[in-house]
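**Student:** Structure provided below as structure tokens; questions to follow.
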Amino acid sequence: MAATVSWDGLRELANFRAEKGCAISVYVDLDPSVAPTAGDAASRVNSLMHEGEMRAEAAHELTHEQREALRADLTRIREFFEREFDRDGSRGVAVFSAGLDNAWRTLPLGDPVADKIAVGREFYLSPLVPLVGRGDGALIAVVGRERGTVYTLRAGKLEEVVDQFDETPGRHDQGGWSQARYQRHIESLVHEHLKEVAEQLDRRVRRLRSPRIVIVTTEETRAELEEVLSHEVRNAIVGWTQAEAHSTPAELLQAARPVLEEWHAKQEREAAERWREESGRGARATAGWADTLEAASDGRVELLLFQEGADRSAWQCPHCGRVSAEGGPCPLDGTQMEERDDGLNLAVHQTLAHGGSVLALRHYQDLDPVEGIGALLRY
């Protein structure tokens, strides 16, 4: 089962730095279009492991112990895929290993990622950033006058977590009641049912720390439901939509996906507009690699923005981890900085390690004039 990629999880990985050995990051693309069979997936893993073994042989700067630990980590990763990994609908997977520093993490993913193996002092995290908030973890609530079903979106599928059914009597059950009294009774039952559904949503919103919610219902039921929703649930709702009665989970997801994508595009638009405004008046924003890497190293980045595909070489201090767009001695401790070919990953690391967030712009090209990267700052 695929895992949900969260900011908390990424920050935990970003705060890791190998002190004794090497940090290995492996990404495998399991999208059915490129790896439809187990044999195809195994071939991709073998290719990555071979690349890692070649790097281990060429890493002359490593001590004998570090080189042996690197080989052991690669063996462990290979054995994980051969003996333990259960694909179970995952469209990608990430594995992080650093044996000498007692680190091991596997992340089956609901979205595809490009094949990649990286070896360094930190884990390679930039491929995970676009996956945060893309849909996984969202709640899809299907609400009617008798039924309220809540699903969570994981690995591209809806999993049922709540099924609230409160039967409302039909017209044949009226008996000797007057029509008006009977109708008031039915409306009271519907109101109580909607209150219970609202309470179920409220409990999950509080437990999951404000997940995104899409409500699937009719216009009539929407008006009644909105009256009983808590403030927290209202704030978590990203949109409303409709679907045919008795829709399958796959059909419900098809109805909800455009709402989730529209919400994410809105988040991008608002962030890009805010960056333009702050950058235009020389306020709390950076533009381009030099200023952004410096601000990230200083812990000043609130939100790192980059356009997908943006990257360049950068320099990092091997002692304290500070990053820069230019080489030379580290401004903090004087250690000679080392060139790296993954500048975006360094910027992501520094931002996450200092508690910031990162947003990949897919729908907007506002950062084109500044090499595809910028940031909104805390101060």
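**Student:** Give me a comma-separated list of calculated 3J(HN,Hα) values for segment 351-364, in order, Karplus coefficients 6.51, -1.76, 1.60 applied at θ = phi - 60°, integers in Hz, x for any Gly or Pro.
**Tutor:** 5, 5, 5, 9, x, x, 10, 9, 9, 8, 8, 9, 9, 10
**Student:** Could you run the Karplus curve 6.51 cos²θ - 1.76 cosθ + 1.60 with θ = phi - 60° over segment 104-120 and give me ³J(HN,Hα) per residue in whole Hz, x for Gly and Pro?
**Tutor:** For segment 104-120, the Karplus curve yields 7, 8, 10, 9, x, 10, x, 10, x, 9, 6, 4, 6, 10, 10, 10, x Hz.
**Student:** P(r) of segment 263-317 in 10 Å steps, Cα pairs, percent per bin?
**Tutor:** Binned Cα distances yield the sequence 20, 51, 26, 3.
**Student:** A follow-up question, please. For segment 284-379, count the residues as N, evaluate 2.2 N^0.38 Å, and divide the Cα radius of gyration by that value, please.
**Tutor:** The value comes to 1.00.
**Student:** What is the packing order of peptides 195-206, 56-67, 279-290, taking the mean over residues of other C-beta atoms within 10 Å and listing the highest first? Write down the numbers at each step before the final one.
**Tutor:** Working: 195-206: 18.2, 56-67: 12.3, 279-290: 16.3.
Result, highest mean first: 195-206, 279-290, 56-67.
**Student:** State the answer as a single residue: which of Gln336, Ala290, Leu208 lies farthest towards the positive end of the charge dipole of the chain, with beta carbon charges of +1 for Lys and Arg and -1 for Asp and Glu, about the Cα centre.
**Tutor:** Towards the positive end, the residue furthest out is Leu208.
**Student:** Let me ask something else. State log₁₀ I(q)/I(0) for segment 29-119 at q = 0.18, 0.19, 0.21 Å⁻¹ as given by the Debye formula over alpha-carbon point scatterers of equal weight, solvent excluded.
**Tutor:** Values returned for q = 0.18, 0.19, 0.21 Å⁻¹ are -0.80, -0.88, -1.04.
**Student:** Could you tell me how far the Cα centroid of segment 305-350 sits from the Cα centroid of segment 246-269, in Å?
**Tutor:** Here the two parts' Cα centres lie 37 Å apart.
**Student:** Report P(r) for the chain: all Cα-Cα distances, bin width 20 Å, range 0 to the bin holding the largest distance, values in whole percent.
**Tutor:** 24, 48, 22, 5, 0
**Student:** Compactness ratio of segment 139-265: Cα Rg over 2.2 N^0.38 Å, N = residue count? Write out the running numbers ahead of the final one.
**Tutor:** On the way: Rg = 15.6 Å, N = 127, 2.2 N^0.38 = 13.9 Å.
In units of the 2.2 N^0.38 Å rule of thumb, it is 1.13.
**Student:** Additional query: Would you look at the GNM of the chain, springs on alpha carbons closer than 10 Å, and say which of Val358, Val228, Val323 moves the most?
**Tutor:** Taking springs between Cα atoms under 10 Å, the residue moving most is Val228.
**Student:** Mean separation of Cα pairs under 8 Å and 6+ residues apart, divided by the residue count of the chain: what relative contact order is that in percent?
**Tutor:** 16
We did not get these values from a lab; they are worked out from the coordinates using the rules stated. Small disclaimer: the values here were computed from a predicted structure and weren't measured. Because the Cβ atoms are built from the backbone with ideal geometry, glycine has one as well, and the counts that use them run over all protein chains shown.
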